[in-house]
Amino acid sequence: MTPIVRILRLVRVPRARLALAVGLGALALGSGVGLMATSAWLISRAAQHPPVLLLMVAIVAVRAFGIARGVFRYLERLVSHDATFRILADLRATVYQRLERLAPTGLPVFRSGDLLGRFVADVDAIQDLYLRTLLPYAVAAIVGGASVGLAWALLPEAGVILLVALLVAGVLAPWVSAAVAKSAERRMADLRGELTAHVVDTLHGAPELIAYGVAATRLTEAARLDRSLTRASARSALTAGLGAALTTLAGGLAVWGGLAVGVPAVRSGRLDGVLLAVVVLLPLAVSEVMAGLPLAAQAIERTRRSASRIDAVLELPEPVQEPTQPAALPDAPYVLTIEDLRARWTPDGPDVLDGVSLTLEPGRRYAVVGPSGSGKSTLTAVLLRFLEPSSGTVTLNGVDLRTLRGEDVRKVVGLCAQDAHLFDTTIGENIRLARRSATDDELRDALRRARLLEWVESLPHGLDTPVGEHGSQVSGGQRQRIALARALLADFPILLLDEPAAHLDVANADQLTADLLDATVGRTTLLVTHRLAGLENVDEILVLDAGRVVERGSHAELMARPTLYRSWWEAERLQDRVLAIPADHGVPRST
Ligand SMILES: Nc1ncnc2c1ncn2[C@@H]1O[C@H](COP(=O)(O)OP(=O)(O)OP(=O)(O)O)[C@@H](O)[C@H]1O
Ligand SMILES: [Mg+2]
């Protein structure tokens, strides 16, 4: 099955509307042909100075065809665009839903700009399939066929000539231009994706690029991509021109052909002289029908390429399989049990989690520590059902997570992520994301627990202060605390916190850890962290190394024997002493 067919199967095609559009298009172009034919007859007949009454019908017909052409054209545009936009809307929603399911973990192969291109430009390009390909071809077939019939009825040779001209313009010319344009059209979709990705990437990284003085190189690269794209467009335009030229040539030759067979026919009396103009001018009218076909053929290639780019996203394996008959979400209080869990990111990749077991009891707090890359974030991904375990089980009150809907799981298990995203809106809106219905008082309460309320109230605009793109107008610590307030407002029964203090200086990190441990008293919490200071307050600590739990216990237990944890903890204290950070962490240094 080709990508186009696969994609079209996903959307509801409004067949009736499309058929109506074809009908209206045929009427519009047919009126054009009728206009040309009746005017040709009218001019010839008028030259004979007949009584004007004999011309009346033709005069009215010319007017009617003239008006009808415009009206039908308008209606056809209206109906065809309406139908196409319905298809597009449907397709965009489908692609978006798919992206939504893939987004947390399943999209590493695509660059964000390229993905944006696929979602916007490539989906748009699908409209060409109907508007610029199927519709013009269907209309051309109907009107062209009828015109050949008319010419044939007047003079069979003229009919044959018109048919040949139509085949040249409708089949040969498009085929030639499509064949020549094929590689250019393919390259264009890819280059457009590359260029978007490059520009988005460059804009995101602009501060770094300027700081390292490499902005010029990035711009040169963008210019090179742009030139390639321009070259590909020029080639595509050239072939479109070639096709148009061939079509026009065919139309012109058909006019001459009409003359060549028409004049002898009039002489021999086989054709009424008055109808000669009709035979000669008919091909001219019909060439209007054919003019769009080379472009239509080119659009096929473009659509095909875009379809396969969209298909590449749609065909990605889902990182988690949603159950066909989801189990009901059990009731609180929740016990989350992880048993001998193994997980990997790619089917043939290594196990990133290698036999992890842990039970999260209601109201207790846990910490997961371990070196970078040991699988801490991966564990949160599995618990949120963003990633499927490759073996072992995770159960919520005894119900296997795999039998629950991902959405339901995420009602119970919430995450304050390592790099929580702030949207380019106000502080209030960013927090309210967790619960649309939250009142201002509830917002304030969440802010208070995240130790942010004083700061927010000191701002001239308070909750309505904008945070800037990616939270660029607030400090790193404030950003993390806003994210924390959001997670607290959501009121998840089980809260996962992934390195909430990762980007803060030591004193601020310790303060934040202390604050969030205060804020989560009595809530099931799993804190992922690099830094060990403050972990005296959690109930159980898991030391993860290369995906395995190498040590576990409370801070006191782990400190009582020579453990990895104790050596890390001592190293951390030593480092803190060097940096002159008081051992009674949690109190910020005056800065
Ligand atoms: N989305 C992903 N796709 C593929 N591999 C991934 C993905 N995320 C993580 N990995 C791999 O899984 C392993 C564990 O990564 P993980 O992010 O769980 O480590 P971590 O303990 O959270 O590290 P850090 O402390 O640096 O955040 C790493 O080898 C990493 O390369
Ligand atoms: Mg991590």
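A short reminder: the numbers here are calculations on the coordinates, not readings from a lab. Bear in mind that the values here come from a model prediction, so they are computed numbers and not experimental data. Because the Cβ atoms are built from the backbone with ideal geometry, glycine has one as well, and the counts that use them run over all protein chains shown.
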Summed residue charge, Cβ within 13 Å of E288's Cβ, Lys/Arg positive, Asp/Glu negative: +2
Relative contact order (percent, whole number), the chain, Cα cutoff 8 Å, 6+ residue spacing: 14 percent
Amide H contacts of T359 (H built 1.01 Å from N, under 5 Å, at least 5 apart or other chain): I338
Positive dipole terminus of the chain, leading residue within L336, P51, T425 (C-beta point charges): P51
Karplus-derived HN-Hα couplings along region 170-181 (A = 6.51, B = -1.76, C = 1.60, θ = phi - 60°), whole Hz, x at Gly and Pro: x, 10, 5, 4, x, 5, 4, 5, 5, 5, 5, 7
5 angstrom amide H check on L526, placed H, neighbours 5+ away: Y366, L495, L496, L497
Additional length obtainable on full extension of the chain from D90 to Q325, 0.36 nm per residue less Cα span: 82.1 nm
Among P264, L314, I300 - extreme Cα towards positive end, dipole of region 236-331, charges at beta-carbon: P264
³J(HN,Hα), Karplus 6.51/-1.76/1.60, whole Hz, each residue of region 197-208, x for Gly, Pro: 4, 5, 5, 4, 4, 5, 5, 4, x, 3, x, 4
Full-stretch length increase - R224, E288 - with 0.36 nm per residue and alpha-carbon distance subtracted: 19.2 nm
Exposure proxy order (Cβ contacts within 10 Å, fewest to most) of T393, T529, T220: T220, T393, T529
Selection from I4, Q97, P174 lying farthest towards where the dipole of the chain points positive, charges on Cβ: P174
Net dipole in debye of the chain [+1 Lys, Arg Cβ; -1 Asp, Glu Cβ; about Cα centre; nearest 20]: 2920 debye
DSSP-defined beta bridges in region 451-583 - what % are antiparallel, rounded to 5: 50 percent
Contour minus Cα-Cα distance for V399 and A58 (0.36 nm per residue): 114.7 nm
Separation of the M559 and A571 label points, Cα + 7 Å toward Cβ, nm: 1.9 nm
When the convex hull of its Cα atoms is projected in every direction, mean area for region 509-551 (nm²): 3.3 nm²
Under 5 Å, built H, 5+ apart or other chain: amide partners of V550: V543, L544, D545
Rounded to the nearest 20 debye, dipole of region 447-537 from Cβ charges on Lys, Arg, Asp, Glu: 140 debye
T84, T465, T513 arranged by Cβ crowding within 10 Å, fewest neighbours leading: T465, T84, T513
Net dipole in debye of region 97-157 [+1 Lys, Arg Cβ; -1 Asp, Glu Cβ; about Cα centre; nearest 20]: 260 debye
³J(HN,Hα), Karplus 6.51/-1.76/1.60, whole Hz, each residue of region 267-279, x for Gly, Pro: 4, 7, x, 7, 10, 5, x, 4, 7, 4, 4, 5, 4
Protection proxy ranking, peptides 394-403, 245-254, average beta carbon neighbours within 10 Å, highest first: 245-254, 394-403
L238 versus V578: modelled label distance in nm, points set 7 Å from Cα along the beta carbon direction: 6.4 nm
Mean separation of Cα contacts under 8 Å, 6 or more apart, over the residue count of region 204-355: relative contact order %: 15 percent
Prolate/oblate/rounded call for the chain, Cα gyration tensor, a/c under 1.5 rounded: prolate
